[in-house]
Amino acid sequence: TGYYGQMTYEAVRLFQRRNGLTVDGRVGPATAAALGITLTASQSTLSALTSDQRLLARLVYGEARGESYKGKVAVAAVVLNRVRSSSFPNTISGVIYQRGAFSCVDNGSINLTPDADSVRAAKEAMNGWDPTGGCLHFFNARLTKDSFLASLRIKTVIGNHSFAV
C-alpha cells in the first residue's frame, strides 16, 4: 500500500501470532527482536531531526541495517539522487513512499526507530556525501528477482547492495 496501513498492520499481527508474541500490530521491542532488529535511537535524538532527516534515517535503517556505514550513506544518497531526478517525485517523502519503491515501506520496517548510524548516514548524505556517484537504484543481487533491476548497469557494489544508474 505504500504506507503502514491495514495490510501491513495485519501482516505484523500474523508475524506476531506465528512467533508467540503479543498480538497488537505494533513493531515494539519484542517484535523487533524477533525480526532481528534493535530499536536503539533515543527519542531525544530523533526529535532534534527535521522531518526529512527522520524519514530518511528510518528508510536507511529499514533498507540497510546490517550494512557498513558507507553502505547506509549510499542508500540515503540514492533517495536524494531520485529527488533531484525528473524521473522521480521531487520530495524525500514522495520518493520513499512511491508505490513499490522500497521493501521497508512495503513490509512496515520503515516505522522502526533508526539506530545512531542510520541517523548519521542520513545527515551525511543530506550534507552531500554520495558514495554511489549519482546512482538512482540499489538492490541486493542475491535476493532480487526483479528483471528491471537486473537489467540496470551496475556502477558500484557496497556490501550486499549493487548501485545502478
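Where helices (runs of 4 or more DSSP H) fall entirely within segment 1-83, those with at least 2 residues that are open to solvent by 60 Å² or more (accessible area, probe 1.4 Å), of a type in the set (Gly, Ala, Ser) and modelled with pLDDT under 85 are at 29-35, 43-47.
One residue is enough: does segment 135-155 have a residue meeting the conditions charged (D, E, K, R) and within 26 Å of MET7 (Cα to Cα)? Yes, the conditions are met somewhere in segment 135-155. Among the residues of segment 129-156, count how many are modelled with pLDDT of 95 or more and surrounded by fewer than 13 Cβ atoms within 10 Å (Cβ to Cβ). Here the count works out to 1.
The values are calculated or read from the model by the stated rules, or taken from the named source; none is laboratory data. Values in this document were obtained by computation on a predicted structure and should not be read as measured data. Every residue, glycine among them, receives a Cβ derived from its backbone with ideal geometry; neighbour counts consider all protein chains shown. Just the protein is used for accessible areas: all its heavy atoms, side chains included, with ligands, DNA and RNA removed. Shrake-Rupley method; radii C 1.70, N 1.55, O 1.52, S 1.80 Å.
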